[in-house]
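Note sheet for the following structure.
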Amino acid sequence: MGAEGVPIKRIVRVTGLSRGLVRRVLRGEREDVFRLRQSSLTPWFPQLEQYWQDGCRNGAELWRRLRADGFQGSLRVVGEWATRQRRAEAAIPQGTGKCPPSRKIARMMTSGRHHLSKADSIFVAQVEHALPQLVQDRRLLDAFTSMVRNGEEEGLADWLNQAKASGLAAFSRGLSADLDAVTAALREPWSNGQTEGQINRLKVLKRQMYGAAGIDLLLARLQHSA
């Protein structure tokens, strides 16, 4: 991509990698391949979860049903998924316990499973089992994140229609109210990231000196930092 003249910002948006890593790859310091990793099961999660909710808990039978639907993956990946589901349900503690704050639950639901501890992964599985709608909401959120990172303007209208009937309805209404700006943000390569970064830097300097200096010394510190 870099050899074709694609800007670093665009590569970062498409791959989801950090700007520093992209620079090192383009300089030849790393040999990473720019690609988005995705499990072969990812597009089939809705069918899998539906079969699971309907009572089908056997990995081989789940695989046969997916094969009938067009799945080309192996029995092994489906069996591993079913095993993880059974272990998660079996490990769910019985009885009452303190529920984590809503913000923490939202963070766990939107984080990759490989970033969670075993206990948090079990808790997320419990929440998803009890509230299947949250699984759909998380899937919509992931789709929106991917759309923003990759600048996929053409998928916005369909996403908004799906989000209207989900837990993201209020968020989708806010996007619809400012649709021209949202569409431009997906279409254009520009952002106000540089501006926001400078504002954040100045605020950090200001807070570091709060109560310890007058306006003259604060101004000198800001100018020196700039």
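A short reminder: the numbers here are calculations on the coordinates, not readings from a lab. If you're wondering where the values come from, they're calculated on a predicted model, not measured in any experiment. Note that each Cβ is placed from the backbone with ideal geometry, even for glycine, and that neighbours are counted across all protein chains shown.
With no solvent and one equal point scatterer placed on each C-alpha of region 138-191, evaluate the Debye formula and give log10 I(q)/I(0) for q = 0.14, 0.15, 0.17 Å⁻¹, two decimals. Log10 I(q)/I(0), no solvent term: -0.32, -0.37, -0.47. For the pair S111 and S176, the difference between a 0.36 nm per residue extended length and the Cα-Cα distance amounts to 20.8 nm. For the peptides 157-169, 174-186, the ranking by packing is 157-169, 174-186, with the highest mean count of neighbouring Cβ atoms within 10 Å listed first. When each of the peptides 143-155, 191-203 is scored by the mean number of other C-beta atoms lying within 10 Å of its residues, the order from highest to lowest reads 143-155, 191-203. Were the residues from A143 through T195 laid out at 0.36 nm apart, the gain over their Cα-Cα distance would be 16.0 nm.
FRET efficiency for the pair Q72 and Q50, taken as 1/(1 + (r/R0)^6) with r the Cβ-Cβ distance and R0 = 25 Å, rounds to 0.80.
Counted by neighbouring Cβ atoms within 10 Å, the residues R103, R23 run from fewest to most as R103, R23.
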